[in-house]
Amino acid sequence: MLDAIGLDEGHEAAYRALVAVGAADIRDLARRLTRAEHDTERALRRLEQHGLAAQSSARPGRWVAAPPGVALGALLTQRRHELDKAELAAALLAEEFRAQATEPAAHDLVEVVTGAAATAQRFLQIQLGATEEVCALVTGNPIAVTAGENDAELQAVSRGVDYRVVIEREVLATPSGLSELAAAIGRDERVRVVDRVPTKLVIADGTLAMVPLARRSAEPAALVVHASGLLETLSGLFEAVWRQALPLRLGAAGEVAEADADGPDGLDLEILSLLLAGLTDASVAKQLDLGLRTVQRRVKRLMELAGVTTRLQLGWHAYERDWVAR
């Protein structure tokens, strides 16, 4: 857990053991860690460099743990400062890049990525760089990264990034397909299904897309597309497939099932009823034990279903379509 501040597992174990006893000599600590004494001493020297441990002035050869709240707090503050400087440097470099190429050449709008490792890395990077929404078309034949290996998706969702995903029906028949879909829907990702998707595709924030290249060789390859007319075409393709697809939802027993694409589900109606009763989004979230972003995403979906752009219009359409009556 402390690798983010420069400590590996061995150093962290040594610090935890020292914190547990408050103070110890190398022999006692080595016995606790079941490690050689010279390895233990090396770990303590490393902790001393980070300000997490110090040699006792009263008892030579004895090591004392620094208070975690003070020592770790200082290290975290230092790391945050370093990250702030790195973020500023990145922003300056991006600004310099834009100044040098306000009108990028056509060859700068696309990248060709070849090889399984490079393709997988770029696929994960695109998701990790998203701040608002990731849209994806998924087939039952992964090229470089399987759903179980896509840890970038979990990280993005935990940061509040919305996911809209359309899968081929073939995915439902894969050994881990249903469990992975149930987990995705449980994270409040919006997932839909069609018989076939035209191509694999991932789009981040509407500004960057990745699509595989058809190659005769066995080596995976993909095209990374930056903001351009081609990206707009790919976004339009996704939206067209999304409109035709049927939503997937979790049933009462936790199973994945297809739902009506033209109507709200039970939770949608609960949220709508509370909003029409005058509750705020935050109050609705608290009342139904949901996250605020979950409520907001549900309301956004209801507005899409009703074909409206304001919540006032949504309320009117809810009565017109008998959603509230249900």
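The values are calculated or read from the model by the stated rules, or taken from the named source; none is laboratory data. Treat the numbers as computed from the prediction; the structure is a model and nothing was measured. Because the Cβ atoms are built from the backbone with ideal geometry, glycine has one as well, and the counts that use them run over all protein chains shown. Heavy atoms of the whole protein, side chains included, go into the accessibility calculation; ligands, DNA and RNA do not. Shrake-Rupley method; radii C 1.70, N 1.55, O 1.52, S 1.80 Å.
Listed by first and then second residue, the pairs with beta-carbon distance under 7 Å, at least 6 apart or on different chains, first residue in the stretch 63-80 and free of Cβ contacts under 8 Å to residues at least 40 places away in the same chain and under 23 Å from Ile26 (Cα atoms), second open to solvent by less than 60 Å² (accessible area, probe 1.4 Å) and not in a strand (DSSP E or B), are Ala66/Gly51; Ala66/Leu52; Ala71/Gly51; Ala71/Leu52.
Restricted to the stretch 11-35, and to residues there that are free of Cβ contacts under 8 Å to residues at least 12 places away in the same chain and open to solvent by less than 40 Å² (accessible area, probe 1.4 Å), the residue that is farthest from Gly73 (Cα to Cα) is Ala30.
Could you list, in sequence order, the residues of the stretch 275-297 that are open to solvent by less than 40 Å² (accessible area, probe 1.4 Å) and under 18 Å from His317 (Cβ atoms)? Within the stretch 275-297, Leu275 is the sole residue that qualifies.
Within the stretch 202-221, residues that are modelled with pLDDT of 75 or more sit with their Cβ atoms under 7 Å from residues that are among the aromatic types (Phe, Trp, Tyr), at 6+ positions apart or across chains, in these pairs: Val202/Phe123; Ile203/Phe238; Met210/Phe123.
Scanning the stretch 298-318 for residues that are within 26 Å of Val157 (Cα to Cα), touching a residue at least 24 places away in the same chain (Cβ under 8 Å) and either open to solvent by 50 Å² or more (accessible area, probe 1.4 Å) or of a type outside the set (Val, Ile, Thr) (or both) yields a count of 5. Would it be correct to say that Val225 is surrounded by 15 or more Cβ atoms within 10 Å (Cβ to Cβ), modelled with pLDDT of 85 or more and closer than 20 Å to Thr119 by Cβ? Taking the combined requirement at face value, the residue satisfies it. Could you grab me the full set of residues in the stretch 290-326 that are modelled with pLDDT of 80 or more, more than 22 Å from the chain's Cα centre (by Cα) and not in a helix (DSSP H, G or I)? Residues satisfying the conditions are Val308, Thr309, Thr310.
What residue, of Gly186, Gly254, is out of contact with any Phe, Trp or Tyr (no Cβ under 6 Å at 6 or more places or on another chain), open to solvent by 50 Å² or more (accessible area, probe 1.4 Å), at pLDDT below 85 and not charged (D, E, K, R)? Reasoning before the result, please.
On the way: Gly254 fails: open to solvent by 50 Å² or more (accessible area, probe 1.4 Å).
Only one candidate qualifies: Gly186.
Quick one: in the stretch 165-176, of everything that is touching a strand residue (DSSP E or B) at 6+ places or on another chain (Cβ under 8 Å) and surrounded by fewer than 18 Cβ atoms within 10 Å (Cβ to Cβ), which residue is modelled with the lowest pLDDT? Checked the stretch 165-176; the qualifying residue modelled with the lowest pLDDT is Leu172. Within the stretch 233-249, if we keep just the residues that are within 16 Å of Glu304 (Cα to Cα) and assigned to a strand (DSSP E or B), the residue that is farthest from the chain's Cα centre (by Cα) turns out to be Leu246.
Does Leu75 satisfy the condition of being open to solvent by 80 Å² or more (accessible area, probe 1.4 Å) and either part of a helix (DSSP H, G or I) or modelled with pLDDT of 80 or more (or both)?
Numbers: open to solvent by 80 Å² or more (accessible area, probe 1.4 Å): no; either part of a helix (DSSP H, G or I) or modelled with pLDDT of 80 or more (or both): yes.
In short, no.
For the stretch 230-250, a residue qualifies if it is out of contact with any Asp or Glu (no Cβ under 8 Å at 6 or more places or on another chain) and modelled with pLDDT under 85, and the qualifying residues are Arg243, Gln244, Ala245, Leu250.
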